[in-house]
1. Once fully extended, how much extra length lies between residue 310 and residue 433, figured as 0.36 nm per residue of separation less the alpha-carbon to alpha-carbon distance?
2. What is the local net charge at residue 137, summed over the other residues whose Cβ is closer than 13 Å to its Cβ (Lys, Arg +1; Asp, Glu -1)?
3. Heavy-atom accessible area per residue, the chain, 1.4 Å probe: how many Å²?
4. Between the DSSP loop rule and a limit of at most 13 other Cβ atoms within 10 Å, which GluC sites (Glu not before Pro) in the stretch 1-83 are left?
5. Under a plain spin-label model, where a point goes 7 Å from the Cα along Cα-to-Cβ, how far apart in nm are residue 95 and residue 480?
6. Summarise the accessible area of the stretch 320-394 (1.4 Å probe, protein heavy atoms) by the percent that is carbon and sulfur.
7. Based on the Cβ-Cβ distance of residue 215 and residue 106, what FRET efficiency does E = 1/(1 + (r/R0)^6) give at R0 = 45 Å, to the nearest 0.05?
8. Please state the relative contact order of the stretch 420-492 as a whole percent: Cα pairs under 8 Å, 6+ residues apart?
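The values are calculated or read from the model by the stated rules, or taken from the named source; none is laboratory data. Keep in mind that what you see is a predicted model, and the values were worked out from it rather than measured. We place every Cβ from the backbone using ideal geometry, glycine too, and count neighbours over all the protein chains shown. Accessible surface areas use protein heavy atoms only, side chains included; no ligands, DNA or RNA. Shrake-Rupley method; radii C 1.70, N 1.55, O 1.52, S 1.80 Å.
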Amino acid sequence: MAKNLTSRVEDYSKWYNELVVQAGLAENSAVRGCMVIKPYGYAIWENMQAQLDKMFKETGHQNAYFPLFVPKSLFEAEEKNAEGFAKECAVVTHYRLQNDPDNKGKLRVDPEAKLEEELVVRPTSEAIIWNTYKGWIQSYRDLPILINQWANVVRWEMRTRLFLRTAEFLWQEGHTAHATKEEAIKEAELMNDVYAEFAETYMAIPVIRGIKTESERFAGAVETYCIEALMQDGKALQAGTSHFLGQNFANAFDVKFTNKEGKLDYVWATSWGVSTRLMGALIMTHSDDNGLVIPPLLAPTQVVIVPIYRNEDQLAQISEKADEILKSFKKLGIRAKFDNNDMLRPGAKFAQYELQGVPLRIAIGPKDMENGTVELARRDTLTKEFLSMDKLDEVVPDLLKQIQVNLYTKALEFRNNHTTEVDDFETFKDVLENKTGFISAHWDGTAETEQKIKELTKATIRCIPLNAEKEEGTCVYSGKPSNRRVLFAKAY
């Protein structure tokens, strides 16, 4: 397995692209802008999906599935939503192919098979779902509706990068309906908290919880809550969003209900989602020049056992011991494997598992069998130690917990060291270019200032932190009064 990765310092973007491919996570496909997620990458995504799905269900949500295609008339019903996604939409106009009479062996679109109404390949599902909810909701007794779907969406991106921005990607999207404004806001806040808990507890990624400015909100939302993470190159990455949609979609699709007072009212809504972009966040937060570093809670394989032997007798003895260790680990809920593949030498296997970010590696050779020991290597610190075999059940579970905590702590220290308070625009530009990271600065609250800063520096307001304290000051660009700081950064 190749491992000559470009270093992060030399070219961070190239390092990322090489790592995704060499570690067997994903590759570009024959379809421009789309990716093939390979088994190892999909295994990590499945672990993310399983944990998130559990958390959604614990908060009362159920899974359902809605069509991939959205009639254009439904899509354009909520004007802001339609306008926001219009440039990214793939559109189906015909329903049949036919043999091309002018080009033998080739096909063409049948000109007689034009659809009466074009179908939009969903970039998001609010339109088709709210049209469906209209038939489900008559009374307050039908509320709340708490639905999630695991699906794929298409947003026709011109500049793509594996996991971070592709024309088609996998995600989940929650769509909920409520009887009151307060209930819907509480739901949007709750799901943003669920995303933050998942990112910090399972992905070991510290995040900032906040709300987006009006210009950065989801198209059609009244308020967008978000979690923002900081990558090792000092750029921010939006890791999840939760939207309070008000009554906008209920108005657009005429979804009314009879409330407890017997009066008709429009339903209140939320939507929320995370995607395979989380894979990009995981890679860029923890990995190093040697390859991936995967938090144990999400690693497909938490421990790999590699035999070192000269003959079949030695392999047989090591295999017997490895089988005992695997059975013991299984009882402890540890995902482990024994690599007895004789096509690769131990050194090549070590390099492979280092590249793929397996948290712990155990090597067992003839001398280890004699001494009753193993060599235990940590991926996060690249340190090794010799350990008695009879202590593995005690030490390994604790080590996995230590690695999980260490990755979070390291990422938090990086974020803290790359979050800078700035009070003037010259310093703002200097920090942005040379130190990078989050910039905490005053903003006058106007879209004009926000846009001007973006034009001059390519930095955007990532969020208004939810825990931001009121603080009188002056806008870093305009000099106008401001009562709190917001977070700026360049972003993916």
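1. Going from the current span to full extension adds 38.8 nm.
2. After counting each charged neighbour, the total is 0.
3. 48
4. Of the GluC sites (Glu not before Pro), the ones in loops of the stretch 1-83 whose Cβ has at most 13 other Cβ atoms within 10 Å are 10.
5. 5.3
6. After summing per-atom areas, the C and S share lands at 47 percent.
7. 0.45
8. Answer for the stretch 420-492 is 39 percent.
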